[in-house]
Amino acid sequence: MYKKLILPILLTNLLLLSSLSQPLKNVGIAKYAVLEVKEDNCPIREKDNESAKRLTHLYKNAILFADKQNDKYYRVELKDNDYAFVNKKFVEVQAIIPEKRIQNIENISFKETKNEYQLKFELPEFSAFIFKENGKKLSFTLFDNRFDPTEIQVPDLIDKFSLPRKIDNNFELEYKNDKLLFGYGVEKYEKGYVLSVKKPPKINPKKPLKNIKIVVDPGHGGVEKGACAFDLEEKTINLEISKKLRSELKKRGAKVFLTRTKDKQVGLYERTAFAREKDADILISIHQNSLPDRRDIVKKYGTGTYYYHPSAKPLAEAIKNNLVLATDFRDDGVNYASFVLNRPTLPVSVLVECGYIIRKEEAERLADKKFQKIIAKAITKGIEDYLTENFAE
Ligand SMILES: [Zn+2]
């Protein structure tokens with residue numbers, strides 16, 4: 001009786017242990033290890049595992065301060081008692097130091113273009129930053145950057161942003177706004193960062209898509225076929241729907257660019273960089289769904305959308321609602337998930353899973369040219385609804 005029980009208990013304990021993180025040790029005799037980020041798009045996570053929530057992404061050369069480590073991760077101190085984790089493969093140790101290096105922001109300049117507000121930060125070194133948003137409110141923090149409001153002349157046009165009033169070692173700013181956010185981000189330049197916040201567009205409800213720039217991304221391509229079932233390949237259906245979506249959007253006045261127009265392989269970050277290059281307002285990635293374990297197909301099927309940032313959720317909702325109406329597919333929901341193609345904040349990004357290619361009745365319709373047009377029209381209507389509901393003048 002006892003012998004029979006021991007094995008399952010041991011197994012459960014082993015499984016539990018392996019799902020726990022490795023214990024953290026100090027980084028050295030002095031308190032902090034200075035870490036330099038080795039490549040762009042370096043994720044900073046809430047916990048020390050690959051599936052933990054991403055808090056921010058940093059550019060190459062950003063400096064972090066770690067106080068603890070285990071085999072795979074450094075624990076970095078963003079602010080006092082505010083910690084996050086970075087995988088060791090993304091960073092290099094520069095030095096071990098007793099105190100954090102706090103740098104002074106050298107200058108802040110402001111620029112207003114037709115579509116954006118831009119704040120340019122001149123910094124001695126690239127530092128860590130983070131955005132927080134809830135759809136409307138946006139805050140931006142530059143860590144370990146001392147800002148003295150009496151030393152730096154704050155530009156006049158800055159009333160859209162509330163800047164810190166007292167000296168602090170972390171620079172925190174809020175964007176004052178009563179509409180849904182329409183894209184924001186940070187880009188690197190030779191002397192620091194440029195923070196951009198898109199102005200809410202002025203939408204004419206009779207022609208909501210007029211002059212809106214949209215990048216449509218046909219998922220997969222080339223050797224990356226995506227999901228395959230019933231002699232169909234996802235990459236082909238994605239491209240066919242994307243081309244129809246392009247012509248629908250164009251008809252309605254939008255400016256449209258495709259990340260690929262042929263059956264070729266394109267990197268995920270190449271696709272998001274392309275969208276930024278085109279100065280897109282909206283990025284829509286087109287996919288057909290499948291499941292890692294096909295047994296669940298009795299429960300999970302139909303049409304659904306995926307967002308990552310709260311400000312993109314209304315777009316995901318509007319597209320999903322229109323797709324359910326037009327296709328009569330099961331409502332597979334507006335889902336929160338982290339993909340490279342729905343993580344950009346500039347442009348507003350949503351990933352669409354039109355249907356499940358592994359479900360026969362859906363696959364047949366998804367491959368049908370007329371049905372693809374119905375999908376393209378529904379997505380177009382979804383984008384129009386989102387623009388009208390949130391930004392109509
Ligand atoms: Zn896919």
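Quick rundown of the values:
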{"read-out": "Checklist (1) more than 16 Å from the ligand (Cβ to nearest atom); (2) open to solvent by less than 40 Å² (accessible area, probe 1.4 Å); (3) in a loop (DSSP other than H, G, I, E, B) applied to R260, failing item", "value": "(1)"}
{"read-out": "Meets criteria (more than 16 Å from the ligand (Cβ to nearest atom) and touching a helix residue (DSSP H, G or I) at 6+ places or on another chain (Cβ under 9 Å)) for E389", "value": "yes"}
{"read-out": "Flag if V93 is touching a Leu at 6+ places or on another chain (Cβ under 7 Å) and hydrophobic (A, V, I, L, M, F, W, C)", "value": "yes"}
{"read-out": "Filter result for K278 (open to solvent by 30 Å² or more (accessible area, probe 1.4 Å) and without any contact (Cβ under 8 Å) to a residue 40 or more places away in the chain)", "value": "no"}
{"read-out": "The lone exception for N390 - which of (1) at pLDDT 95 or above; (2) crowded, with 23+ Cβ neighbours inside 10 Å it fails", "value": "(2)"}
{"read-out": "Pick from the stretch 162-179, criterion among the hydrophobic types (A, V, I, L, M, F, W, C) and crowded, with 17+ Cβ neighbours inside 10 Å, ranking: nearest to K111 (Cα to Cα)", "value": "L173"}
{"read-out": "Residue tally, condition free of Cβ contacts under 8 Å to residues at least 40 places away in the same chain and out of contact with any helix residue (DSSP H, G or I) (no Cβ under 7 Å at 6 or more places or on another chain), over the stretch 352-369", "value": "2"}
{"read-out": "Any chance G253 is within 15 Å of the ligand (Cβ to nearest atom), in contact (Cβ under 8 Å) with a residue 40 or more places away in the chain and in a loop (DSSP other than H, G, I, E, B)", "value": "no"}
{"read-out": "Matching residues in the stretch 27-64 - criterion: being polar (S, T, N, Q) and either farther than 19 Å from Y189 by Cα or open to solvent by 30 Å² or more (accessible area, probe 1.4 Å) (or both)", "value": "N41, N49, S51, N61"}
{"read-out": "Matching residues in the stretch 84-95 - criterion: being closer than 16 Å to V34 by Cβ and exposed (fewer than 15 other Cβ atoms within 10 Å of the Cβ)", "value": "E92, Q94, A95"}
{"read-out": "Residue in the stretch 328-351 that is touching a residue at least 24 places away in the same chain (Cβ under 8 Å), in contact with a Cys (Cβ under 6 Å, 6 or more places away or on another chain) and in the same structural domain as D279 (by TED's automatic domain parsing) present", "value": "no"}
{"read-out": "Test result for Q103, open to solvent by less than 70 Å² (accessible area, probe 1.4 Å), in contact with a strand residue (DSSP E or B) (Cβ under 9 Å, 6 or more places away or on another chain), under 21 Å from P344 (Cα atoms) and polar (S, T, N, Q)", "value": "no"}
{"read-out": "Within the stretch 69-161, strands (runs of 3 or more DSSP E) holding 2 or more residues that are over 21 Å from E46 (Cα atoms) and more than 21 Å from the chain's Cα centre (by Cα)", "value": "91-97, 107-112, 116-122"}
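Conditions tested, residue by residue: (1) among the polar types (S, T, N, Q); (2) at pLDDT below 95; (3) surrounded by fewer than 17 Cβ atoms within 10 Å (Cβ to Cβ).
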{"position": "L341", "(1), (2), (3)": "no, no, no"}
{"position": "T345", "(1), (2), (3)": "yes, no, no"}
{"position": "S349", "(1), (2), (3)": "yes, no, no"}
{"position": "V352", "(1), (2), (3)": "no, no, no"}
{"position": "E362", "(1), (2), (3)": "no, yes, no"}
{"position": "K370", "(1), (2), (3)": "no, no, yes"}
{"position": "K381", "(1), (2), (3)": "no, no, no"}
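The values are calculated or read from the model by the stated rules, or taken from the named source; none is laboratory data. All figures in this text were calculated on a predicted structure; none of them were measured in a lab. Cβ atoms come from the backbone with ideal geometry, glycine included; neighbour counts cover every protein chain shown. The area values use the complete protein model at the heavy-atom level, side chains included, leaving out ligands, DNA and RNA. Shrake-Rupley method; radii C 1.70, N 1.55, O 1.52, S 1.80 Å.
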